[in-house]
């Protein structure tokens, strides 16, 4: 079965600094990978997804992620953090041969002024 | 607005009781997923239905059950409730293929007293 591991349950950055949220996946077949964001008291919202096309995926709100098969990673980055980016971020994986999406434990991003 | 609706938004009940949570998927989506989110367990996949049939099962307790109706709305039934069942319950929907992102509803917050 597939799984993802998010390194770091809490990440704190200053406004304007680089955001890097780490995600490593495990799967026996090529995966589909997703990043979701959850703002307080809301449901999850898709930021971006990788479905075996370009390895560098651009999402909403200036976020992007790069699929690296050799490192089994799909880290999320944003060049310059904004206060509004403070939220919880979830990495998720699914496989072509099942519809069972598995989520990581989440990383809470704090942005300091 | 994701297009996924969940009712009720909040539910307060007592231990031992039974409740039903309702979800209406986005128009055109055939798959419905249920998740439980709590502070200690994180986001847990419970169960998936596709076009009325159970497709995948996650960490769903035997006291919990779900179904998807011909009009594609879904209900999650929680019985013999315990204090530990207090959580946010999310419904998500997708077209039904593993590379399709899931769209999340706003959630139902269940409090068991």
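Counting other beta carbons within 10 Å of each residue's own, what order do B:82, B:75, B:62 fall into, fewest first?
Working: B:82 12, B:75 16, B:62 7.
Lowest to highest Cβ neighbour count: B:62, B:82, B:75.
Given Cα pairs under 8 Å that are at least 6 residues apart, what percent is the relative contact order of chain A?
Working: 291 pairs, mean separation 42.6, N = 113.
Contact order relative to length: 38 percent.
Under 1.5 on a/c is rounded, so check that first for chain B, then, if it is not, pick prolate when a/b is larger than b/c and oblate when it is not; a ≥ b ≥ c are the square roots of the alpha carbon gyration tensor eigenvalues. Walk me through the numbers before you get to the answer.
Details: a/c = 1.73, a/b = 1.68, b/c = 1.03.
Verdict is prolate for chain B.
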Requested in this report: Can you pull the one-decimal nm distance between simple spin-label points at residue A:7 and residue B:77, each 7 Å off the Cα toward Cβ?
Outcome: 4.6 nm
Query raised in the report: In nm, to one decimal, how far is the residue A:42 label point from the residue B:22 one, both placed 7 Å along Cα→Cβ?
Result: 2.6 nm
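When only C-alpha pairs under 8 Å and at least 6 residues apart count, what is the relative contact order of the range B:5-63, in percent? Write out the running numbers ahead of the final one.
On the way: 67 pairs, mean separation 12.6, N = 59.
With pairs under 8 Å counted, the relative contact order is 21 percent.
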Report summary line: Relative contact order as a percentage, the range A:18-64, C-alpha pairs under 8 Å and 6+ apart, gives 27 percent
Query raised in the report: With each pseudo-label sitting 7 Å past Cα toward Cβ, what's the residue A:112-residue A:29 distance in nm, one decimal?
Result: 4.6 nm
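Using the beta-carbon distance between residue A:61 and residue B:67 and R0 = 41 Å, what value does 1/(1 + (r/R0)^6) give for FRET efficiency, to the nearest 0.05?
Working: r = 36 Å, r/R0 = 0.89.
Once the sixth-power term is evaluated, E becomes 0.65.
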Report task. Please work out the C-alpha center-to-center distance from the range B:80-113 to the range B:18-79 and express it in whole Å. Result -> 7 Å
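Since every read-out is calculated from the coordinates, none of them should be taken as a lab result. All figures in this text were calculated on a predicted structure; none of them were measured in a lab. Don't worry about glycine lacking a Cβ; one is built from the backbone with ideal geometry, like all the others, and counts go over all protein chains shown.
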